[in-house]
Amino acid sequence: MTYLRDAISARVGEFIQLRRDIHQHPELAFEEHRTADLVASKLESWGYAVHRGLGGTGVVGTLKRGSSARRLGLRADMDALPIQEATGVDWASSTPGLMHACGHDGHTAMLLAAAKTIASDATFDGTLNLIFQPAEEGGGGAVRMMADGLFEHYPCDAVFAMHNMPGVPQGHFVFRDGAAMASSDYVTIRVHGTGGHGAMPHRAADPLVAAASIVMALQTIVARNVDPLHTAVVTVGAMHAGQANNVIPALATLELSVRALDADVRRLLEQRIKALVAAQAESFGVTAEVDWRPGYCVLVNSVEETNFARDVALSLVGAEHVTLHGPALTGSEDFAFMLEKIPGSYLLIGNGDGDSAGACMVHNPGYDFNDDNIATGAAYWVALVERYLSV
């Protein structure tokens, strides 16, 4: 299918400029008004029926051909991050403190490039739903779109999404069936003690010492409670207590990120964290409360759809540019909620490796999406549509 990539490469310039325009104007979760306007206007100009406002700022473009009842969904995310950009590129963010540090500008451009080619050149029989989602970065935009009736209004037999991956050669595809990305839960632990003078600790109940012990004890959950053949992460990312060296504070607060690649392990982590915190607090003569906030669920790729997605990549770029079963990732992705409802697969496309600019990790001030992926990614989407909705 090199002809397909070559054909899209020859006319991809407008989508490189479009990607860079989106990059210059980043928008946070549920604030993607300008990006949604751009996406909707492009889709409408190519003949798609467009529905705006699902999930707040989400956009769905639908194209139906023939008489087949087959229905396919492709999803791209649109939101940016609250990070100050440090790339120095000409198309750097024009908004202080915001940048596209995860490549959602590129994901949107890839799917739009595919959308134009599909509308003008592709042959298929069925219904194609292009889903442009807001608020992937912790906002749960997928859940909001589904709550607004995404799959009731636009039913899909399968749904697919693609994300760039720094550290992997540009244009190289990575697949994995089963659990592919971790759940992500957010935990705040508040340890309440009795404040006092630092010179008289016996007249206080020190929550800071208890919190420090809790931090160390939490590490034993993964080491001693989780099956060594399973994956779990318990990270204490913040600890806040006190303001002066001679004052014992009355409160210490811990902020945790908790991740797992299995639903049972996820439940175990919650149980053990709550039990351990209570026991540790009691042992120090203080009290503690655990505020557990469920985040994203485990992302599980269905076997049949992942096999299908692999075959498309093998035909498009050849076996040397495809990893058939890559490692699971402990990052999280809210496309997981769509996969709980609809079978499908979440795949990766390499952003660059070695010393290339594309190797800079996402969520980094120096990150930028590799524009060479727009043609490759768009060609992949076109090939997948033509095969899944084959005449």
- Message: Quick test of your reading of the structure: Val236 fulfils all but one of (1) surrounded by 15 or more Cβ atoms within 10 Å (Cβ to Cβ); (2) over 26 Å from the mean Cα position of the chain (by Cα). Name the failing condition by number.
- Response: (2)
- Check Gly326 against each of (1) touching a strand residue (DSSP E or B) at 6+ places or on another chain (Cβ under 8 Å); (2) closer than 22 Å to Asn129 by Cα and name the one condition it does not meet. (2)
- Message: Could you go through region 273-287 and let me know if any residue there is among the charged types (D, E, K, R), within 13 Å of Val222 (Cβ to Cβ), assigned to a helix (DSSP H, G or I) and open to solvent by 20 Å² or more (accessible area, probe 1.4 Å).
- Response: no
- Query: Taking the condition closer than 24 Å to Cys156 by Cβ and open to solvent by 20 Å² or more (accessible area, probe 1.4 Å), does Ser315 pass?
  - Reply: yes
- Message: When you scan region 2-14, do you find a residue that is open to solvent by less than 10 Å² (accessible area, probe 1.4 Å) and assigned to a strand (DSSP E or B), even just one?
- Response: no
- Applying the selection to region 337-370, what residues are touching a helix residue (DSSP H, G or I) at 6+ places or on another chain (Cβ under 8 Å), closer than 12 Å to His163 by Cβ and not in a strand (DSSP E or B)? Phe369
- Item | Where a residue in region 93-115 is within 20 Å of Gly58 (Cβ to Cβ) and its partner, wherever it lies, is of a type in the set (S, T, N, Q) and open to solvent by less than 10 Å² (accessible area, probe 1.4 Å), with Cβ under 8 Å and at least six apart | Gly103/Asn164; Gly103/Asn351; Gly106/Asn164; Gly106/Asn373; His107/Asn164; Thr108/Thr35; Met110/Asn373
- Task: Select from region 288-327 the residues that are touching a Gly at 6+ places or on another chain (Cβ under 8 Å) and outside any helix (DSSP H, G or I) and list them in ascending order.
- Result: Gly295, Tyr296, Val300, Asn301, Ser302
- Note on the structure: Counting only strands (runs of 3 or more DSSP E) entirely within region 48-141, those with at least 2 residues that are open to solvent by less than 30 Å² (accessible area, probe 1.4 Å) and out of contact with any strand residue (DSSP E or B) (no Cβ under 6 Å at 6 or more places or on another chain) are none
- Message: Can you say whether Thr376 is crowded, with 23+ Cβ neighbours inside 10 Å, closer than 29 Å to Ile118 by Cβ, out of contact with any helix residue (DSSP H, G or I) (no Cβ under 9 Å at 6 or more places or on another chain) and at pLDDT 95 or above, as far as the supplied structure shows?
- Response: no
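The values are calculated or read from the model by the stated rules, or taken from the named source; none is laboratory data. Everything numeric here is computed off the predicted structure, so don't read it as measured data. Positions of Cβ are generated from backbone atoms using ideal geometry, with glycine treated the same way; all protein chains shown enter the neighbour counts. For the accessible areas, the whole protein counts, side chains as well, though only heavy atoms, and no ligand, DNA or RNA atoms are used. Shrake-Rupley method; radii C 1.70, N 1.55, O 1.52, S 1.80 Å.
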